[in-house]
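Structure first, then comments.
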Amino acid sequence: MMKVLRSWSSSNSWGDNNGVGRRFKAIFYSTRTLTSRKLEDSLFNQISVAGDPRVSMCPILDQWVEGGRNVDISEIKALIKHLREYKRFKHALQLSEWMTHRWNFALSPGDIAVQLDLVSKVHGLEQAEKYFINIPGRLKTFKVYGALLNCYASKKSLETAEATMQKMRQFGILRKTLYYNVMLSLYSKMGKQENFNALIQEMEEKGISCYQSTLYIRLNAYAAVPDINGMENLLSLMEANRLVTIDWHAYIIAANGYMKAGITEKSLTMLKKSEQHINGRRVFAYEMLLTLYARLGKKDEMYRIWDLYKKIGKIHNSSYFRLISSLIKLDDLDGAENILLEWESVNTSFDFDIPGWLISAYFRKVHLEKAEACISRAIERGQHPTASAWDCLATEYYKDNQMTKAVETMKKAIAAPQCGWNLNRVTLKACVKYLKERGDTEVADKFTRFLADIANEINGNDLQVEENAHGATKLKLATAKLH
């Protein structure tokens with residue numbers, strides 16, 4: 001099937017895939033730099049903490065130089081790499097352009113490739129194409145063309161990516177596996193199986209080395225269709241070849257493929273194999289296993305993985321969220337309650353999304369008292385319930401004819417921090433009507449003024465309740481008063 005199999009090379013001359021999700025690192029400074037001045041007085045530290053994308057990095061750089069301190073170009077490049085890893089592309093581009101214009105630094109093809117990628121991410125493909133056109137011909141090396149190819153592929157611009165790939169063939173610079181991987185990934189994402197297979201054949205005919213990354217792209221492509229025969233044959237090849245280090249994720253991919261094909265038993269077999277190959281990144285592996293066992297409805301396996309997870313140390317909030325939401329989907333509210341209590345007993349960081357899943361389930365099951373208790377515990381822990389949680393609780397009070405509580409809770413829903421107000425139209429109108437029918441005009445006026453005050457705080461005039469195309473209700477700023 002393949003002429004050449006080599007060990008995986010993780011190098012990527014332009015992309016940001018390798019660093020995404022990593023923790024903050026200070027290793028981008030050399031030992032010499034760290035010993036020459038304190039980290040808190042370093043340019044690296046000043047750039048790192050300035051996270052607002054609306055704030056330009058150029059004044060910070062200018063002030064650094066004007067203060068009589070030196071700038072090492074290698075440090076600027078390290079900062080650009082760091083910013084790209086954390087998807088601070090606008091700041092990374094500012095540093096790159098500052099390095100070029102302030103110091104008249106002659107960019108290498110590798111530097112140009114990075115800048116081209118950043119222009120695409122910050123300003124879009126059209127500006128990236130203009131940038132590429134203005135690059136001197138002698139500097140348009142395989143790295144620069146590779147960066148352009150990646151720009152098109154990341155935006156799923158298939159025709160222009162294929163045209164760029166063809167130019168690279170014509171110029172004789174298409175010998176690197178990395179560029180083939182870019183196109184293979186693009187074909188896979190867009191469901192172009194014939195193009196995918198043709199490119200694999202081209203690699204085999206030209207003797208293009210197939211790294212481990214290529215194999216995983218192929219495995220993913222087969223699983224996505226799913227092409228079970230192709231997936232099984234490739235997985236067998238990977239298992240048999242000593243030059244390939246197969247890891248747990250390969251079997252996760254295969255399990256997904258079998259799951260899509262409805263072959264449950266083989267999917268379970270793959271998940272068991274995956275567990276045998278976990279070494280490092282166990283948190284991520286266990287989270288994936290929890291999700292897939294949940295999709296298969298295997299609660300016993302989920303709890304078994306959870307017990308293994310707890311042995312490795314502190315459990316992340318994301319894992320609690322994943323397990324609780326999975327148990328709820330399996331209609332195991334008792335299990336979800338137990339895991340929530342476990343989280344509350346060991347975790348001091350506040351994340352309302354975790355109890356929020358269970359509260360929503362209580363509302364769906366009309367367990368009003370349990371929802372109240374869960375919200376109360378969250379508040380005692382210093383958490384702030386979302387507008388949605390308050391709104392749902394107010395609706396349940398309204399259905400239970402507890403209108404005084406419904407009114408008070410709806411006030412909390414409106415006051416809660418949120419992006420847009422999605423409130424229950426029926427409940428909101430019932431609250432206003434209830435206040436008026438009671439003849440308690442003072443309370444009714446307070447409630448109406450409360451709504452108006454909220455509107456004024458966000459530079460609106462008054463509020464109007466309307467329903468969107470999906471049937472959801474929304475409290476919207478409008479000129480008509482709500483009475």
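Read-outs: derived from the displayed coordinates by stated rules, not from any lab. This one's a predicted model, so the numbers in the text were calculated from it and none came from an experiment. Here the Cβ is made from the backbone with ideal geometry for all residues, glycine too, and neighbour counts use every protein chain on show.
Tabulated data for the structure shown
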{"item": "Per-residue Cβ neighbour rank within 10 angstrom, fewest leading, Cys210, Cys58", "result": "Cys58, Cys210"}
{"item": "Ranked Tyr362, Tyr286, criterion: other C-beta atoms within 10 Å, fewest first", "result": "Tyr286, Tyr362"}
{"item": "Per-selection Rg to Rh, the stretch 280-358 - Cα, Kirkwood hydrodynamic radius", "result": "0.93"}
{"item": "Rounded to whole Hz, the Karplus (6.51, -1.76, 1.60) HN-Hα couplings of the stretch 308-322, x for glycine and proline", "result": "5, 4, 5, 6, 8, x, 4, 9, 6, 4, 4, 6, 4, 4, 5"}
{"item": "Over 22 Å (Cα to Cα) - which of Lys411/Lys436; Lys140/Lys176; Lys130/Lys155 fall in this group", "result": "none"}
{"item": "Local electrostatic count at Lys365 - Lys and Arg +1, Asp and Glu -1, tallied over other residues with Cβ under 13 Å", "result": "-4"}
{"item": "11 Å beta-carbon shell around Phe321, net charge (K/R +1, D/E -1)", "result": "-2"}
{"item": "Burial ordering of Glu301, Glu204, fewest other beta-carbon atoms within 10 Å first", "result": "Glu204, Glu301"}
{"item": "Note, ³J(HN,Hα) from phi for the stretch 207-223, Karplus 6.51, -1.76, 1.60, rounded to Hz, x at Gly and Pro", "result": "x, 5, 4, 9, 7, 4, 4, 5, 4, 5, 4, 5, 4, 4, 5, 5, 5"}
{"item": "Loop trypsin sites (Lys or Arg not before Pro), the stretch 225-319 (other Cβ atoms within 10 Å of the site Cβ: 13 or fewer; DSSP)", "result": "Arg242, Arg281, Lys311, Lys314"}
{"item": "Rounded Å value of the spacing that divides the Cα centres of the stretch 102-169 and the stretch 342-377", "result": "49"}
{"item": "In sequence order, calculated HN-Hα J values of the stretch 275-280 (Karplus, 6.51, -1.76, 1.60; Hz; x Gly/Pro)", "result": "4, 6, 10, 6, 8, x"}
{"item": "Normalised per residue, the volume of the convex hull around the Cα set of the stretch 135-191 (Å³)", "result": "71"}
{"item": "Within-13-Å neighbourhood charge of Tyr180 [Cβ basis; K, R +1; D, E -1]", "result": "+1"}
